[in-house]
């Protein structure tokens, strides 16, 4: 069994739920339905709030940063903001 998050598995899980639904109910439903471990971890990583539709849950999973290589449940580290200068090559890029 692979550890990657399959969007089809997520959608199948979300399809059978009544909305709006809160995170505790989503986590309980994942356990009750015995979904794949990677789907259950993704649901556990979303913010604790009410979700009005399956798309809201899917977006929360994406924003929580659940990637196949991230099994910590904490999500991916945010990327560092940079100016529009590209100093990695030693050259300065001016967009204007």
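Before moving on, here are some points about what is shown:
- Dimensions (Å) - segment 7-63, Cα atoms, principal axes, largest first: 22, 21, 18
- If you take the Cα centroid of segment 9-32 and the Cα centroid of segment 33-59, the two points sit 7 Å apart.
- Site pair residue 15 and residue 34 shows an inter-label distance of 2.0 nm when each label is modelled 7 Å from Cα along Cα→Cβ.
- Burial order of peptide ranges 34-46, 51-63, 13-25 (average beta-carbon count within 10 Å, highest first): 34-46, 51-63, 13-25
Values quoted throughout were computed directly from the atomic coordinates according to the rules given, and no laboratory measurement underlies them. Keep in mind that this is a model prediction, so the values were computed, not measured. Neighbour counts are summed over all protein chains in view; Cβ atoms, including those assigned to glycine, are modelled from backbone coordinates with ideal geometry.
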